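Down below is the structure, laid out as structure tokens.
The values are calculated or read from the model by the stated rules, or taken from the named source; none is laboratory data. Model, not experiment: these values are computed from the prediction. FYI the Cβ positions are ideal-geometry reconstructions off the backbone, even for glycines, and counts take in every protein chain you see. Areas reflect the complete protein model, heavy atoms only, side chains present, ligands, DNA and RNA absent. Shrake-Rupley method; radii C 1.70, N 1.55, O 1.52, S 1.80 Å.
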Amino acid sequence: MSVIHGSLFDGIVQFHDPDNQANTAVIVIDENDDPCISETFRNCVARQKSQQDVLRFCNDLGCLIIVVYAHRVLRARHIFSIIGRPDFSCVKESDGVLALGTTPPLMGYLERNKITSLVLMGSYTRFCVKESLIGGWEEDQYYAGLLNRKMTVLSSPALLGPYLPEAYVLKPMC
């Protein structure tokens, strides 16, 4: 689901109802403080400010905050200045967060905490964010994405880095 920034807050409130077993968490994927490839500095600053607004809103609402690191822990100042410490963090070895190489496994955490929806943000839309959403390949084996796990995903273009489909090499599905 992609909604404009103002409506995103309404969507978060709609999908976050802990009394009725509907929990929303924020998932920050591979975020750092520098502009990503093909992103201007101005766009990077605007994206980071939007991410901070959403993190403040979700923090006040009581949503869990999940941070996913690529290959090693790298703390993005603009994220950690708002959240302090995430409720859960993991390191992924592949592009998607549900790949086998993610430690500790994310799906177990989502299930234990009865997370039914995620607010998604990240700068590497054409790789990590995309494969986290729809799945991808790891060691010649396909793994499902968050959308395949019946997870409601809320986001906005203001929370994501630019997407360049021509830079993404598609792998055939068997």
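Take the range 133-159 and flag every residue that is within 26 Å of Arg77 (Cβ to Cβ), in a helix (DSSP H, G or I) and either open to solvent by 80 Å² or more (accessible area, probe 1.4 Å) or in contact with a strand residue (DSSP E or B) (Cβ under 6 Å, 6 or more places away or on another chain) (or both).
Pro157, Leu159
Going by the structure shown, is Ser38 among the hydroxyl-bearing types (Ser, Thr, Tyr) and surrounded by 16 or more Cβ atoms within 10 Å (Cβ to Cβ)? Talk me through it step by step, then tell me what you get.
Working: among the hydroxyl-bearing types (Ser, Thr, Tyr): yes; surrounded by 16 or more Cβ atoms within 10 Å (Cβ to Cβ): no.
Spelling it out, it is not the case that Ser38 is among the hydroxyl-bearing types (Ser, Thr, Tyr) and surrounded by 16 or more Cβ atoms within 10 Å (Cβ to Cβ).
Could you tell me which of the residues Gly11, Gly108, Gly101, Gly96 is of a type outside the set (A, V, I, L, M, F, W, C) and more than 22 Å from Lys130 (Cβ to Cβ)? Full working, then the answer.
Working: Gly11 fails: more than 22 Å from Lys130 (Cβ to Cβ); Gly101 fails: more than 22 Å from Lys130 (Cβ to Cβ); Gly96 fails: more than 22 Å from Lys130 (Cβ to Cβ).
Testing whether each residue is of a type outside the set (A, V, I, L, M, F, W, C) and more than 22 Å from Lys130 (Cβ to Cβ) leaves just Gly108.
Restricting the range 123-132 to residues that are touching a Phe, Trp or Tyr at 6+ places or on another chain (Cβ under 9 Å) and within 21 Å of Leu8 (Cβ to Cβ), which is surrounded by the most Cβ atoms within 10 Å (Cβ to Cβ)? First the steps, then the outcome.
So the first thing to find is which residues in the range 123-132 are touching a Phe, Trp or Tyr at 6+ places or on another chain (Cβ under 9 Å), and the list is 125-127, 129-131.
If we keep only those that are within 21 Å of Leu8 (Cβ to Cβ) too, we end up with 125, 129-130.
On the way: Thr125: 24, Val129: 26, Lys130: 20.
Across the range 123-132, the extreme among qualifying residues is Val129.
Taking the range 133-156, which residues are at pLDDT 85 or above and either under 18 Å from Leu8 (Cα atoms) or among the aliphatic types (A, V, I, L, M) (or both)?
Passing the criteria: Leu146, Leu147, Met151, Thr152, Val153, Leu154, Ser155, Ser156.
If the Cβ limit is 6 Å and pairs must be 6+ apart or interchain, which residue in the range 33-47 that is under 18 Å from Arg77 (Cβ atoms) pairs with which residue that is modelled with pLDDT of 75 or more and among the hydrophobic types (A, V, I, L, M, F, W, C)?
Cβ pairs passing all conditions: Asp33/Ala76; Pro35/Phe41; Pro35/Cys44.
Can you name the condition, by its number, that Asn20 falls short on among (1) open to solvent by less than 20 Å² (accessible area, probe 1.4 Å); (2) modelled with pLDDT under 90?
(1)
Please go through the range 77-117 and pick out each residue that is crowded, with 17+ Cβ neighbours inside 10 Å and either modelled with pLDDT under 85 or in contact with a His (Cβ under 7 Å, 6 or more places away or on another chain) (or both).
Selection gives Lys92, Ser94, Asp95, Gly96, Val97, Leu98, Ala99, Thr102.
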